[in-house]
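Everything on this sheet refers to the single structure shown next.
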Amino acid sequence: MKQSERDPARREKSGAAARTVKRTKVPARPAAKAAKQTKQTGRGEPPRKFRLMDAAKWTALCFLAALLIFSAASMARAHAEKNAKWENPYVDVIQSMWSYQYITELNKLGVYPDDTNFEPAASESRGGLAQALYKMDQNVFAPQREAQDKKAAKKAKKTKAEDLSPLPFSDLDAEGEITDAVRWVYDNGLMKGTSDTTFDPGSPLTREQVCAIVARFGALEEVPLMQVVEPDQFDDSLDIQDYARSGVTACQMAAVVKGNDENCFLPTDPMSRQEVAAVLYRIMTAAQAPLIEGVPLVDLSPGAYDALYEKYTRPGAYTQALVPAGEEVTMDYWDHTVFIGDSVSVMLESYCNSSQALGGAKFLCAGSMSATNMLTSTILPEWPKGSGQHPAIQDSVKATGADVVYIMLGMNNISMGDRAVEDMLTIATNIQEANPDVTLIFQSVTPMTETSPRKSKNLNNDTINAYNEKIKAMAQEHEWYFVNVAEAVRDENGFLRPEFCSDPKAMGMHFTYDGTKAWVSYLKTHVPYELLERLRLV
């Protein structure tokens with residue numbers, strides 16, 4: 001499109017000029033010549049005079065553009081030729097392997113040598129990792145540093161093995177690739193010897209050792225590792241040795257390593273060569289990735305995350321007797337449980353059998369049963385149901401196959417004072433000794449109504465509360481648990497809520513279905529978290 005077509009004002013001006021030319025009868029140029037003139041200038045103006053300097057500049061620009069195009073094409077062609085010429089040297093590394101890309105890309109960069117066998121499933125050795133880190137520094141990071149800073153060679157960072165100090169290790173050849181690599185990792189503080197005089201280059205590396213070394217390498221090369229996930233405790237995090245803890249956490253946060261499907265890191269297991277290849281490749285690509293605004297970087301300084309381990313606890317480790325509120329547990333938890341109780345718990349059994357509110361929970365309950373009369377075999381629950389048999393309570397617990405035992409006893413012998421607590425301890429000890437892997441959870445005895453006909457000097461809410469405190473203290477001492485279900489069913493004055501009582505004129509202590517429903521709801525949200533961890537339910 002001509003300029004005059006784009007600019008109406010210019011088109012009008014151009015037309016006026018043409019009319020003026022016609023009026024003064026200036027001889028018109030030949031049409032072909034005028035058209036050629038217009039095409040050259042892009043407008044109906046007189047042509048510019050030829051300038052030697054303009055022509056030289058134009059020629060130089062054309063030459064530079066052609067050179068850039070040729071150079072780009074040459075680089076693309078060289079890259080394609082390089083990939084086309086590259087052949088996989090490893091007979092035991094094939095494309096269907098999950099680690100194929102990691103191993104082959106590192107081989108292309110000269111990080112891994114052109115051996116016939118890579119042995120991907122074999123444990124990575126100390127000498128093998130030392131060589132890989134040294135080659136990665138020389139072939140990947142050193143060129144990057146030089147490209148970014150022409151004065152990189154003058155920096156204090158030690159990059160060449162020949163510039164480093166002599167080695168104290170007697171189990172290395174005087175010269176050789178491994179020796180050069182070991183000298184480099186040793187002098188840069190990445191790896192030490194297994195003793196003052198040995199390096200043990202063929203010794204396998206554990207997973208925690210690899211993470212500690214790789215974190216040091218990342219710090220040395222100033223790799224900006226972006227934080228991909230929050231720091232998370234593995235189930236075996238406390239098995240990680242002190243020197244490696246921060247390195248393992250840093251690698252986990254950067255998604256360089258992760259645990260297995262059971263959330264275990266397995267710190268002392270050897271790390272295979274293909275696993276190490278994946279770690280090194282991720283570190284290398286992280287160094288080249290553009291930073292994302294707002295995404296924090298992982299701290300690779302020594303001990304940066306050691307403080308996290310002070311808050312970690314072993315899965316299933318006991319914390320305290322009183323169970324706090326938490327998330328509602330899944331129904332499969334109750335398949336692991338059995339409930340021991342007196343007539344108050346008989347209503348719980350009836351409610352759960354009709355509603356399946358506690359799934360597959362089992363019940364060992366009997367009216368008027370207490371710890372005292374259980375020890376004398378006066379009253380014992382029937383098991384199996386309908387068999388007419390009443391084994392010792394520890395034997396019945398074993399027969400149920402339960403992992404968790406809930407106990408609520410005391411209403412029938414609280415009047416005996418400390419004897420009631422002592423007999424409860426005996427019952428609990430018998431159950432634990434016969435079933436060492438079960439977890440004991442004591443439920444508080446529930447309160448009586450304010451107008452209960454059974455209220456007396458020795459049986460009232462004050463004596464019930466005092467008994468519950470003693471049971472809770474007993475549980476704390478023996479690392480058992482205590483669930484205060486009483487708070488789910490009492491009113492503001494501490495009495496059993498009238499609408500929850502099924503026998504207000506008889507005993508004032510048994511439950512309606514609504515009261516039992518509130519009891520069950522409380523149980524579902526008051527399960528020890530460490531117990532769920534131990535049962536693999538979280």
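Could you check the simple spin-label distance between residue 332 and residue 173, using points 7 Å along Cα→Cβ, in nm with one decimal?
So the two model labels end up 5.6 nm from each other.
Answer rounded, prolate or oblate for the stretch 331-534, using the Cα gyration tensor with square roots of eigenvalues a ≥ b ≥ c: rounded when a/c is under 1.5, else prolate when a/b is larger than b/c, else oblate.
Values: a/c = 1.39, a/b = 1.24, b/c = 1.12.
Because its axes are fairly even, with a/c under 1.5, the stretch 331-534 counts as rounded.
Contour minus end-to-end for residue 460 and residue 232, with contour as 0.36 nm per residue of separation and end-to-end as the Cα-Cα distance?
Details: separation 228, 0.36 × 228 = 82.08 nm, distance 4.84 nm.
Length gained, residue 460 through residue 232: 77.2 nm.
Please arrange 251, 352, 501 by how many other C-beta atoms lie within 10 Å of their C-beta, fewest to most. Please report the intermediate quantities before stating the final value.
Details: 251 28, 352 20, 501 23.
Result, fewest neighbours first: 352, 501, 251.
Over the stretch 106-153, what number does the Rg to Rh ratio reach, with both radii from the alpha-carbon atoms and Rh per Kirkwood?
Values: Rg = 13.3 Å, Rh = 12.1 Å.
Using only Cα positions, Rg/Rh for the stretch 106-153 is 1.10.
Hey, what does the equivalent ellipsoid look like for the stretch 266-349, semi-axes from the Cα gyration tensor as sqrt of 5 times each eigenvalue, largest first, whole Å? Write down the numbers at each step before the final one.
Values: eigenvalues 447, 67, 51 Å².
Value: 47, 18, 16 Å, ordered largest first.
Check which residues have an amide H placed less than 5 Å from residue 362's amide H, if you skip close sequence neighbours.
337, 338, 339
By counting other Cβ atoms within 10 Å of each Cβ, how are 180, 137, 491 ranked from fewest to most? List each step's numbers first, then the result.
Working: 180 19, 137 24, 491 14.
Lowest count first: 491, 180, 137.
Counting residues in the stretch 304-343 as N, plug N into 2.2 N^0.38 Å and put the Cα Rg over that result. Walk me through the intermediate numbers first.
On the way: Rg = 16.1 Å, N = 40, 2.2 N^0.38 = 8.9 Å.
Here the answer is 1.81, to two decimals.
Karplus couplings for the stretch 479-484 from phi (6.51 cos²θ - 1.76 cosθ + 1.60, θ = phi - 60°), rounded to Hz, Gly and Pro as x?
6, 9, 10, 9, 10, 8
Write down, largest first, the equivalent ellipsoid semi-axes of the stretch 100-310 in whole Å, where each equals the square root of 5 times an eigenvalue of the alpha-carbon gyration tensor. Can you show the working numbers first?
Numbers: eigenvalues 130, 92, 61 Å².
Three semi-axes, in Å: 25, 21, 18.
Place a +1 charge on the Cβ of each Lys and Arg in the stretch 331-534 and a -1 charge on the Cβ of each Asp and Glu, then give the dipole magnitude about the Cα centre in debye, rounded to the nearest 20.
So the magnitude is around 540 debye.
What's the long-distance tail for the stretch 195-245, i.e. % of Cα pairs beyond 12 Å? Please report the intermediate quantities before stating the final value.
On the way: 961 of 1275 pairs.
Summing the P(r) tail past 12 Å for the stretch 195-245 gives 75 percent.
I need 273, 454, 497 ordered by Cβ neighbour count within 10 Å, fewest first.
Numbers: 273 21, 454 14, 497 18.
Arranged by neighbour count, lowest to highest, 273, 454, 497 become 454, 497, 273.
Of 178, 254, 109, whose Cα points farthest to the positive end of the dipole of the stretch 100-310 (charges on the beta-carbon: +1 Lys, Arg; -1 Asp, Glu; origin at the Cα centre)?
Farthest along the dipole direction, towards plus: 109.
Please tell me which of these pairs span more than 32 angstrom C-alpha to C-alpha: 470/517; 457/524; 311/517; 470/505?
Details: 470/517 27 Å; 457/524 34 Å; 311/517 36 Å; 470/505 30 Å.
As for pairs spanning more than 32 Å Cα to Cα, those are 457/524; 311/517.
Please compute the length gained on full extension between residue 476 and residue 86, using 0.36 nm multiplied by the number of residues separating them and subtracting their Cα-Cα distance.
Details: separation 390, 0.36 × 390 = 140.40 nm, distance 6.75 nm.
Contour length minus the Cα-Cα distance gives 133.6 nm.
Coordinate-derived values only; no laboratory data. In this text, all values refer to a predicted model and were calculated from it rather than measured experimentally. Because the Cβ atoms are built from the backbone with ideal geometry, glycine has one as well, and the counts that use them run over all protein chains shown.
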